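The values are calculated or read from the model by the stated rules, or taken from the named source; none is laboratory data. It should be emphasised that the depicted structure is a prediction, and the values quoted were computed from it without experimental measurement. FYI the Cβ positions are ideal-geometry reconstructions off the backbone, even for glycines, and counts take in every protein chain you see. Accessible surface areas use protein heavy atoms only, side chains included; no ligands, DNA or RNA. Shrake-Rupley method; radii C 1.70, N 1.55, O 1.52, S 1.80 Å.
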Amino acid sequence: MRRRCIYREENGDTHLEIWEDGDRRSLWFDDVILQSEIHTQDPAVLPNPVNRAMLAHLMFGLPLRQVLLAGCGGGAIGRWFHARAPEVAGDAVELSETVARLAREYFDFPRPESRWQLHLGDVREHLLHRGVSYDFILVDLEENQLTPAWVTGEEFLRSCHARLAPEGMLT
């Protein structure tokens with residue numbers, strides 16, 4: 001199969017494309033940022049090495065019941081958890097309505113009746129108003145191809161810490 005673009009959209013200042021190449025589907029921002037990638041035939045495979053690195057701490061066998069994804073992107077990590085560990089519940093918080101829609105339509109983000117929920121909004125508000133304790137919080141956010149300054153600021157990190165379980169991990 002030849003690599004082909006299956007979706008293209010201009011959204012504000014951002015250009016989004018979805019490409020298929022054999023059994024891989026990928027979401028690109030502005031033709032230069034690989035935002036998400038899945039194996040279309042096997043949801044338990046994460047083809048993107050960055051996604052695998054984000055989950056490296058799982059090899060230590062820490063308890064995992066509840067996960068927060070700050071930034072959903074194409075939803076590859078939520079999809080992977082749903083396939084690999086169906087007993088794990090998760091919240092994915094995505095600011096972009098378009099990106100959340102693409103995660104559901106093109107990247108098989110788990111359905112609403114699963115143990116995974118996709119929330120539209122700002123993760124800072126989610127942390128303040130949702131009284132859930134998370135075993136794992138994964139922060140994967142960017143604005144204009146950069147990590148927003150507030151992500152590494154004391155206020156946000158304290159909010160994350162307040163929502164972490166005693167042995168929880170923030171990545």
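Between the beta carbons of Glu17 and His129, assuming R0 = 35 Å, the FRET efficiency works out to 0.55 to the nearest 0.05. The stretch between Glu142 and Ala56, if pulled fully straight at 0.36 nm per residue, gains 28.9 nm over its current Cα-Cα span.
Under the rule a/c < 1.5 gives rounded, and otherwise a/b versus b/c splits prolate from oblate, where does segment 1-138 land using the Cα gyration tensor? It comes out oblate by the Cα gyration axes.
The angle between the Cα long axis of helix 154-163 and the longest principal axis of the Cα atoms of the chain comes to about 80 degrees, rounded to the nearest 10. Relative contact order of segment 1-130, taken over Cα pairs closer than 8 Å and 6 or more residues apart, is 17 percent. Per residue, the accessible area of segment 20-171 comes to 52 Å², computed with a 1.4 Å probe over protein heavy atoms only. Per-residue SASA remark: Arg52, around 120 Å² accessible (1.4 Å probe; ligands, DNA and RNA not included). With a 1.4 Å probe and every protein chain kept in, tell me what percent of the accessible surface of segment 1-145 is carbon plus sulfur. Within segment 1-145, the accessible surface is 47 percent carbon and sulfur. Full extension of the chain between Ile33 and Arg101 yields a length gain of 22.6 nm, computed as 0.36 nm times the residue separation minus the alpha carbon distance.
Mind giving me the FRET efficiency for Gln117 and Arg84? R0 is 22 Å, r the Cβ-Cβ distance, nearest 0.05 is fine. The value I calculate is 0.75.
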